[in-house]
Amino acid sequence: MPRKIVAGNWKMNNDLSETETLLKELKKQVIPEDVSVMVAPSFTNLYAAFESVREHPIQVIAQNMHQSTKGAFTGEVSAAMLKSVGVKTVIIGHSERRAYFNETDELLAEKVNTALENEMQVIFCVGEELSDRENGDQFEVIQNQLENGLFHISNDSWSQIILAYEPVWAIGTGETASPKQAQEMHKFIRDAIAKHYSERIAKETSILYGGSVKPANAKEIFAKKDVDGGLIGGAALKAGDFMAIINAFE
Ligand code: PGA
C-alpha cells in the first residue's frame, strides 16, 4: 500500500517568526494517524522548524539541495548539512527549479543519486507545460522526465522515493487538473514504474498530486485510485486550509 502523504511546499515564503507561528498553529491540530504530514520551509528556517516539531508527527523537509557533497559552491546547501539539522527528505525537480534555475534531467539525476547515497528520502517532481498538454505530448514529457531523471536508480532505492505529479499549468494559477486528468496521469506513472521495475514497486510508491490543491478540491482529487496525497503550495501557508487538505482523505 502506498503511504498517504500531504506535503506543504512553502517556497520563498515565511521568515523565522512566520515559520514558528504557522507551525505553532499546525501543532495544535490532530494529525490523522494514517497520513504523513511534511512541511518544507526555507533553508534559513529548517533548524528552528525541526526544533519546533520535535515532539510532533509533522516532518520538516527541504525544498532543494546541491548535487555535490561539499566544496566551493557559493550559496549552496549539501545533503549532509540538511541531515545535520534533522532533515531526512528533500524535494527534487520542482518545476520552478527546472524553469528558473535551469535544472535539467541530467542534473536532477545527480541530485537524486546524492540524496540516495546520503540515505535521504526524495520527493521527485514531474509535470508538463501547458503547451505540451495542448499538443497532446503530456505522456511523452512525463515518460522522458522519469526515464532521464529517476529511472536509473536501483530497485532497492524505491523505498526512498515519493513521486509528485505537478502539471506546470496548474501551479499557483488557481487552475487544477480535473480529478480525471490527475488519475489518468497518476495511473500512467504507476504503469511506467511497473514496466520499468515491478508491479510491487509500482503499487508501493506514493504518487502525490500538486497544482492549486485547496480545501474545496482536495477531497475529489484524493479520492482517485492512484492519487496518494498532495504537494501543496499556496494553501499550505494557511494552517486552516492545510489542515482541511490533510483531512480530505476518505
Ligand atoms: P500550488 O503549488 O499549490 O500553489 O499550486 C504547488 C507546488 O508548486 O508544489
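The values are calculated or read from the model by the stated rules, or taken from the named source; none is laboratory data. Computed from a prediction, not measured in an experiment: that's the story for all the values here. Note that each Cβ is placed from the backbone with ideal geometry, even for glycine, and that neighbours are counted across all protein chains shown. Note: areas computed on protein heavy atoms with side chains; ligands, DNA, RNA excluded. Shrake-Rupley method; radii C 1.70, N 1.55, O 1.52, S 1.80 Å.
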Exactly one of Phe124, Phe151 is aromatic (Phe, Trp, Tyr), open to solvent by 10 Å² or more (accessible area, probe 1.4 Å) and within 16 Å of Thr205 (Cβ to Cβ), and that residue is Phe151
Item to complete: Confirm whether Ala244 is of a type in the set (A, V, I, L, M), away from the ligand (no atom under 13 Å from the Cβ) and open to solvent by 10 Å² or more (accessible area, probe 1.4 Å).
Response: yes
Check: Looking at region 97-118, is at least one residue more than 20 Å from Ser68 (Cβ to Cβ), modelled with pLDDT of 95 or more and surrounded by 20 or more Cβ atoms within 10 Å (Cβ to Cβ)?
Finding: no
So is Ala182 modelled with pLDDT under 95, in contact with a Ser or Thr (Cβ under 9 Å, 6 or more places away or on another chain) and of a type outside the set (Ser, Thr, Tyr) or not? no
Practice prompt. Please work out if Leu163 is over 17 Å from Val227 (Cα atoms) and surrounded by 22 or more Cβ atoms within 10 Å (Cβ to Cβ).
Written response: no
Selection over region 156-187 where residues are more than 18 Å from Leu130 (Cα to Cα) and among the hydrophobic types (A, V, I, L, M, F, W, C) yields a count of 4
- Do the conditions hold for Ile193, that is, is it open to solvent by less than 10 Å² (accessible area, probe 1.4 Å) and either more than 14 Å from the ligand (Cβ to nearest atom) or modelled with pLDDT under 95 (or both)? yes
Residues of region 206-220 being within 13 Å of the chain's Cα centre (by Cα) and either surrounded by fewer than 17 Cβ atoms within 10 Å (Cβ to Cβ) or away from the ligand (no atom under 11 Å from the Cβ) (or both), in sequence order, are Ser206, Ile207
